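The values are calculated or read from the model by the stated rules, or taken from the named source; none is laboratory data. Remember, it's a predicted structure, so these values are computed and weren't measured experimentally. Neighbour counts are summed over all protein chains in view; Cβ atoms, including those assigned to glycine, are modelled from backbone coordinates with ideal geometry. Ligands, DNA and RNA are stripped out before the accessible areas are found, and what is left, the full protein with its side chains, is counted by its heavy atoms. Shrake-Rupley method; radii C 1.70, N 1.55, O 1.52, S 1.80 Å.
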Amino acid sequence: AGLDDEYPQRFGFREFWIEGRNFILNGIPIRLRPMLPEEPFAIAEIDGVIDGMRSRGFNASQMWPTDHDKRGNAFQHREVFAERASEKGWLVIGSLLSMSPYLVDTKYQFIWNAAKRDAWRKRMETDMRRYRNYPSIIIWGTTANFFNLASDQDPRHIGRKNFLPSDSTDPKVAAGREGLAIIREADPTRPVFTHAGNRMGDIYTLNH
């Protein structure tokens, strides 16, 4: 009682959406040329990495969508990268907590249930709040290399319909779609995809 406090915080707005095959940034189509760099955490290093990527013709970078909670992972500085990217006008594909440890156990047995879903939702939203307000982040990525198939890299299979497992035949697919819906509910302003997850998300992605 009686305490009145305030602090300054810079902020900005950027609109990014998808129309068919086109990416739209602030109402203007943009062709993304992203790369996946090592993520430094010192400001001078971050600035150098961004300047280096830009000098080579890239215009965006991706934060590797790994399991943030895994012991030894040093990804607790990502809001610093997002802040510097915002200051420098750089586009970032942000990373959200992977669903993988909540979908399957160490023996790859399916374990997703209401308790796992709610635990992941709570952790994911907590993680998202760290840097969701930085305008540098235009897309969310999550759950790397989990939903991909060996045939993804076969050009004879690209574009085929009714070829991949459906929600009804693969519970991991249905759980993944549920997780993506939770992300969209937490942040309806950005597209979301799964890294190398083919059709799981707003962008079809595969390793090559």
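Scanning the range 125-146 for residues that are assigned to a helix (DSSP H, G or I) and either touching a strand residue (DSSP E or B) at 6+ places or on another chain (Cβ under 8 Å) or modelled with pLDDT under 95 (or both) gives T126, D127, M128, R129.
When the range 178-208 is filtered for residues that are open to solvent by less than 10 Å² (accessible area, probe 1.4 Å) and in a strand (DSSP E or B), the ones remaining, listed by number, are V192, T194, N198. Do the conditions hold for D152, that is, is it surrounded by 14 or more Cβ atoms within 10 Å (Cβ to Cβ), modelled with pLDDT under 95 and under 29 Å from N26 (Cα atoms)? No: the conditions fail for D152.
Within the range 92-118, residues that are farther than 14 Å from W64 by Cα reach partners that are open to solvent by 30 Å² or more (accessible area, probe 1.4 Å) and small (G, A, S) with beta carbons closer than 8 Å, at six or more positions or on different chains, in the pairs Y102/A119. Only strands (runs of 3 or more DSSP E) whose full extent lies in the range 1-86 are considered here, and the ones with at least 1 residues that are under 23 Å from D187 (Cβ atoms) and open to solvent by 70 Å² or more (accessible area, probe 1.4 Å) are 16-19, 22-25, 28-30. K161 - would you say it is modelled with pLDDT of 90 or more, open to solvent by 50 Å² or more (accessible area, probe 1.4 Å) and either part of a helix (DSSP H, G or I) or farther than 29 Å from F13 by Cα (or both)? Answer is no for this residue.
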